[in-house]
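Q: My structure is below; once you've seen it, I'll send some questions.
The values are calculated or read from the model by the stated rules, or taken from the named source; none is laboratory data. Treat the numbers as computed from the prediction; the structure is a model and nothing was measured. Here Cβ is always computed from backbone atoms with ideal geometry, including for glycine, and neighbour counts include all displayed protein chains. Please note that ligands, DNA and RNA were not included when accessible areas were found on the heavy atoms of the full protein model with its side chains. Shrake-Rupley method; radii C 1.70, N 1.55, O 1.52, S 1.80 Å.
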Amino acid sequence: MPVLRALGPRLGDGALAGRKVAVVVHLEAKTACLVLALREAGAEVVAAGSNPLSTQDAVCAALADEGVEVHARHGAPPDEFTADLLAVAEAGAELVIDDGAELTRRLAEHRPELYARLQGVSEETTTGVARLRALEAEGRLPFPAVAANDARCKHLFDNPYGTGESALTAILALTNVLAAGRTFCIVGYGFVGTGLARAVDGLGGRVTVVEIDPVRALTAHLDGFRVAPLAEALPDADVVVTATGLTQVVTGDAFALLKDGAILANAGHHDREIDVPALAAAADEAHEARPGVRTYRLGGRSLHVLVEGALVNIAGLDGNPIEVMDLSFSVQALSIHRLAAGGVPPGVGAFPAELDDLIARTKLRTLGVELDSATPVQEAFRSSWTA
């Protein structure tokens, strides 16, 4: 992570010294780099995973060996997962790097006294930013929150290039099927869905997009993809991928529309985009066909669900490539540094454009890529309304 390393002197200016920072992100090797970078900057870091199915026990053990307090284990049931998150808060966290607002929302619900003591949150995902805005709309966000997901160096790279590509990689690796010639139904055409559709198209797959947003649907159409309602898109789909950040996207009625052998995967934050419990209740039988692939039999048809409907790229493989997470975690590190320095007003705020530029310029330097610059005439033209 050359960008995160290059930011070390800036992060180590003293703003984070002695501050208690909770990192609640998918606990795998790249997240460990962020945890250790914050600790090197002087922070006292406590960590938990944002999804038990993506937590890697070896990484938890390695962080613990480094002296980091960790509350997580792979496959923890819901009650234990919530207890782990609350244990992180009870360790005295002042600042939080969150994913899906999983810790933030639980504090608001279960530990209001600890929630009121938070001094800032930096949020990693589209889902989490939406939850923070909902809290703010209800007048329940008394501290500053940085929408790190909305930073250009996060959502323009992490979501389409990182999740889009790695979700498809995970689907193909878990199933050992060929993308070329298959029909993919991609539900949701945000930045993740856009990247996923591009990756499928690049491998020769056919794409149908399902959207509820008219602008995104029009974008998908102009990008060359078929756009249809879910009920029309499912019958000929070989692979269905949800990427909405919502819940109850593919539910009981939808399963009856799927062909024999259809594969279902989720690339959104929530494990609930595909209603796996409803599918299990309706199935005549179910079995583990391959590691990470559970097959449900319904009236002579087989439907294959990947990693229990969890986020397929991180629960099924190792998540986004490190080149992308270098950018995302640089955003998170600078966000939490800014919150630690103080002076940020309460409410959901944007990641500063100048810090986005700093990250991008640093990344370009590590790649050996040089920028051009505007001429004096161009600068004068840009700053004048009469030119």
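Q: Consider Ala116 carefully, then state whether it is of a type in the set (A, V, I, L, M), open to solvent by less than 20 Å² (accessible area, probe 1.4 Å) and more than 17 Å from Thr244 (Cα to Cα).
A: So Ala116 does not fit the description; no.
Q: Further, regarding this structure: Select from segment 274-299 the residues that are part of a loop (DSSP other than H, G, I, E, B) and over 18 Å from Gly252 (Cβ atoms) and list them in ascending order.
A: Result: Pro291, Gly292.
Q: Which of the residues spanning segment 3-29 are within 23 Å of Ala315 (Cβ to Cβ) and either open to solvent by 20 Å² or more (accessible area, probe 1.4 Å) or among the aromatic types (Phe, Trp, Tyr) (or both)?
A: Across segment 3-29, the qualifying residues are His26, Ala29.
Q: Another one. Going by what's in this entry, would Val249 be described as touching a residue at least 60 places away in the same chain (Cβ under 8 Å) and aliphatic (A, V, I, L, M)?
A: The answer is yes for Val249.
Q: Now for a different question. Can you tell me which condition Leu107 does not meet? The list is (1) open to solvent by 10 Å² or more (accessible area, probe 1.4 Å); (2) over 30 Å from Ala199 (Cα atoms), and all the others hold.
A: (1)
Q: Contact list please: Cβ distance under 6 Å, first residue in segment 195-211 and open to solvent by 30 Å² or more (accessible area, probe 1.4 Å), second residue assigned to a loop (DSSP other than H, G, I, E, B), pairs at least six apart or on different chains.
A: Between residues of segment 195-211 that are open to solvent by 30 Å² or more (accessible area, probe 1.4 Å) and residues that are assigned to a loop (DSSP other than H, G, I, E, B), the close pairs are Leu203/Ala179; Leu203/Ala180; Gly204/Ala180; Glu211/Tyr189.
Q: As an exercise: evaluate Asn176 against (1) open to solvent by 20 Å² or more (accessible area, probe 1.4 Å); (2) polar (S, T, N, Q); (3) within 20 Å of Lys30 (Cα to Cα) and give the number of the one condition it does not meet.
A: With (1) open to solvent by 20 Å² or more (accessible area, probe 1.4 Å); (2) polar (S, T, N, Q); (3) within 20 Å of Lys30 (Cα to Cα) applied to Asn176, the lone miss is (3).
Q: Then there's this: Could we say that Val25 is within 21 Å of Val121 (Cβ to Cβ), in contact with a Ser or Thr (Cβ under 6 Å, 6 or more places away or on another chain) and not small (Gly, Ala, Ser) here?
A: Yes; evaluated as a whole, the condition is true for this residue.
Q: Please verify whether segment 41-55 includes one or more residues that are open to solvent by 30 Å² or more (accessible area, probe 1.4 Å), under 24 Å from Asp318 (Cα atoms) and modelled with pLDDT under 95.
A: The answer is yes; a qualifying residue exists.
Q: I'm trying to understand the selection: among the residues of segment 1-35, which are in a helix (DSSP H, G or I) and under 20 Å from the mean Cα position of the chain (by Cα)?
A: Within segment 1-35, Val3, Leu4, Ala29, Lys30, Thr31, Ala32, Cys33, Leu34, Val35 meet the criteria.
Q: While we're looking at this one, here's another question. Out of (1) open to solvent by 30 Å² or more (accessible area, probe 1.4 Å); (2) modelled with pLDDT of 95 or more; (3) more than 25 Å from Leu178 (Cβ to Cβ); (4) not in a loop (DSSP other than H, G, I, E, B), the odd one out for Ala217 is which?
A: (1)
Q: From (1) of a type in the set (A, V, I, L, M); (2) open to solvent by less than 10 Å² (accessible area, probe 1.4 Å); (3) at negative phi, pick out the condition that doesn't hold for Ala91.
A: If we test Ala91 against (1) of a type in the set (A, V, I, L, M); (2) open to solvent by less than 10 Å² (accessible area, probe 1.4 Å); (3) at negative phi, just (2) comes out false.
Q: Of these, Val249, Val240, which one is in contact with a strand residue (DSSP E or B) (Cβ under 7 Å, 6 or more places away or on another chain), closer than 27 Å to His74 by Cα and open to solvent by 10 Å² or more (accessible area, probe 1.4 Å)?
A: Val249
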